[in-house]
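Read-outs throughout are calculated quantities, based only on the coordinates presented, and are distinct from any laboratory measurement. In this text the structure is predicted, and so the values were computed from the model without any measurement. All Cβ positions, even for glycine, are placed from backbone atoms using ideal geometry, and neighbour counts span all protein chains on display.
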Amino acid sequence: MKRNAIWGLLAGLLIVCMLFAWRGLGPVAELFAAGGWALLGVCLFAPFEQVMGAEAYRRLFAPRHRPAQPATLLASWMGSAVNTLLPVATIGGEVVKARVLVHWGAKAEPAVAAMVVDKTVQAVVVLAWGLVGIVALTLISDEADVIAGALAGAAGLAAGIGGFVWVQLKGGAGFMARAAGRARSGDWGGLIETADDVDAEIRAAYGRPVAVAAGVAIRLATRVVLVGEIILAAHLMGHPIGLVEAVMLKALVVGIRGIGFAVPGGWGVQEGGYIAIGALIGLPPDLMLAVSLATRVREILPNIPLLFYWQFHEGRRHWRRSRAETADRRDVSGAPPS
């Protein structure tokens with residue numbers, strides 16, 4: 001899995017390099033220069049996105065197991081940093097956020113179950129948001145073949161989501177718990193024996209449709225607000241984009257990036273998506289490349305401190321566990337402590 005993710009990342013970065021070789025660095029750099037330091041304003045969208053995402057995840061816990069909001073936010077943001085900055089194909093960060101909550105006292109089975117259901121919620125939101133983009137596309141473009149292709153892609157994604165939910169409800173999602181249980185950390189070891197309990201927690205989560213619907217609504221509202229970063233970036237670069245166009249761009253690129261989830265960070269997939277979709281409404285490739293990179297500023301810069309904090313957290317736990325194991329061995333051997 002890790003090797004495939006690395007190859008996917010390298011392929012995506014190669015596509016990005018090819019796009020810049022095609023258009024040249026100069027035009028994109030000029031657009032960034034026109035925006036100036038004000039382009040960092042896209043980072044202001046990051047706290048809102050993380051707060052909403054954490055709350056959507058938190059809602060999927062049963063009330064008796066629901067973690068505190070600050071802990072969920074911090075754990076969820078660390079997971080987002082892992083997904084964004086490391087070659088984990090959007091899966092590793094999901095495990096991280098559940099793992100950190102378990103470190104902080106949450107029960108493992110509900111945390112893993114909420115993680116699995118939250119991944120489904122995210123996929124449903126990608127589908128719903130993509131359909132919004134298709135509607136926007138029909139309002140401003142008469143490209144019937146493109147619209148038909150987008151609808152076919154949405155149908156395929158819907159079928160995939162349906163299959164994923166069916167597998168979960170039939171008890172097949174316990175393999176994730178078993179995989180986590182085989183990890184090096186002892187925090188997950190018990191999940192091998194309690195995988196059936198994870199499946200039961202997943203079914204119980206789907207048995208709370210109001211909570212699942214709330215998770216979908218929260219994440220969908222986040223997508224709507226993030227349209228603002230495209231409008232802001234394009235405005236600062238001197239090429240204002242209308243609301244309908246921005247919605248179409250954001251929604252369809254999110255859908256394309258969701259389909260290309262195997263490429264870490266959507267590198268190359270996102271940039272190519274912006275260029276292809278922008279071409280349908282006459283937006284120049286240079287602008288689309290610049291806008292794509294501006295949105296990555298929001299993805300990357302605010303996540304860097306959280307990635308370091310996650311490393312600090314894991315390192316501290318490893319150090320404490322090593323000290324405890326050393327102390328236990330000394331107790332058994334009867335050697336005096338140093």
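In whole Hz and in residue order, list the ³J(HN,Hα) couplings for the range 97-104 that follow from phi through the Karplus curve 6.51 cos²θ - 1.76 cosθ + 1.60, θ = phi - 60°; x for Gly and Pro.
5, 5, 4, 5, 5, 5, 4, 8
So, in the range 2-307, how many Lys pairs have Cα atoms under 22 Å apart, if the pair is 8 or more places apart or on different chains?
7
Given [x] 39, 24, 17; [y] 26, 24, 20; [z] 35, 22, 20, which label gives semi-axes √(5λ) of the Cα gyration tensor in Å as computed from the coordinates?
Of the labelled values, this structure produces [x].
How much net charge surrounds Ala71 when only the other residues with a Cβ under 12 Å from the Cβ of Ala71 are counted, with Lys and Arg +1 and Asp and Glu -1?
Net local charge, Ala71 excluded: +3.
What 222 nm value per residue comes from the helices of the chain, counting each DSSP H run with n ≥ 4 as -39,500 (n - 2.57) and dividing by all residues, nearest 500 deg cm²/dmol?
-26000 deg cm²/dmol
What number, in percent, do you get for the relative contact order of the chain if the mean sequence gap of Cα pairs under 8 Å and at least 6 apart is divided by its residue count?
30 percent
Pairs of alpha-carbon atoms within less than 8 angstrom and 6+ residues apart define the contacts here; what relative contact order does the range 18-118 have, in percent?
Rounded, it is 23 percent for the range 18-118.
Just to confirm my numbers, what's the Cα centroid distance between the range 7-31 and the range 214-260 in Å?
Rounded to whole Å, the Cα centres lie 21 Å apart.
Which residues' amide hydrogens lie under 5 Å from the amide hydrogen of Val263, considering only partners 5 or more residues apart or on another chain, with H built in the peptide plane?
none
Between Ile140 and Gln69, what is 0.36 nm times their sequence separation minus the Cα-Cα distance? Round to one decimal in nm.
So the extension gain works out to 21.5 nm.
Grab the other residues whose beta carbon is less than 14 angstrom from that of Ala21, score K and R as +1, D and E as -1, and report the net.
Every neighbour counted, the sum reads -1.
Output the peptides 64-71, 237-244, 250-257 sorted from most to least packed, where packing is the average of other Cβ atoms within 10 Å over each peptide's residues.
250-257, 237-244, 64-71
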